[in-house]
Amino acid sequence: MTVHFKTFHPALKHAGYSATTLLPGEDRAAFEKLHRELIEEWAPVGALEEDIIADVARLTWRKRNLATCRIAELAKARRKEICSIKLISGNPRADEQARQELGDIHELIDIGETATIDGLMKELDLVDRLQGMINRCLKQLLMVRGIKSLSSAAVSEPTPQIARTRKAQ
């Protein structure tokens, strides 16, 4: 797959906006809305938490939009069909006709693989793996927040033993 970075969000440098996040034809505004909603829900504090939320947004988006890959598979099959018909008839403009007929989804041709039972199993495995990755990100976020809360509690209040030791001196 050839990636044209100029077609993606300018914040591409951030992990949440990597080239694998938004595929051709996907709604950038919808992704950004999902990302904002996760930011509102989790209210990340600091770079680490922001990065975790960006990963959650990216993985959730990919999980929700696996259909884009199915569309790519169908487009690839149709292009192959058009090309084989045109080549048999001796017409070298098969790719041009495929581009015209498929329109915007022609960009997805290099993304998908042939729809088979194996492809379906890979997709189901991918959903499970993405959910596992999201769960690990959320666990990491909660762990970081727990550590931060312990650190701030330790700084704000001295432990009883330390207070007793200070009084004895």
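Pairs meeting the criteria (first residue in segment 33-60 and at positive phi, second residue at pLDDT 95 or above and assigned to a helix (DSSP H, G or I), beta carbons under 8 Å, at least 6 apart or on different chains) are lacking.
Tallying residues that are modelled with pLDDT of 85 or more and closer than 20 Å to Leu126 by Cα within segment 64-89 yields 2.
Out of the residues in segment 136-156 that are within 28 Å of Arg58 (Cβ to Cβ) and among the β-branched types (Val, Ile, Thr), which is surrounded by the most Cβ atoms within 10 Å (Cβ to Cβ)? Applying the filter and picking the extreme gives Val144.
The values are calculated or read from the model by the stated rules, or taken from the named source; none is laboratory data. Since the model is a prediction, treat every value here as computed from it, not as a measurement. Heads up, the Cβs are rebuilt from the backbone with ideal geometry, glycines too, and the neighbour counts pull from every protein chain shown.
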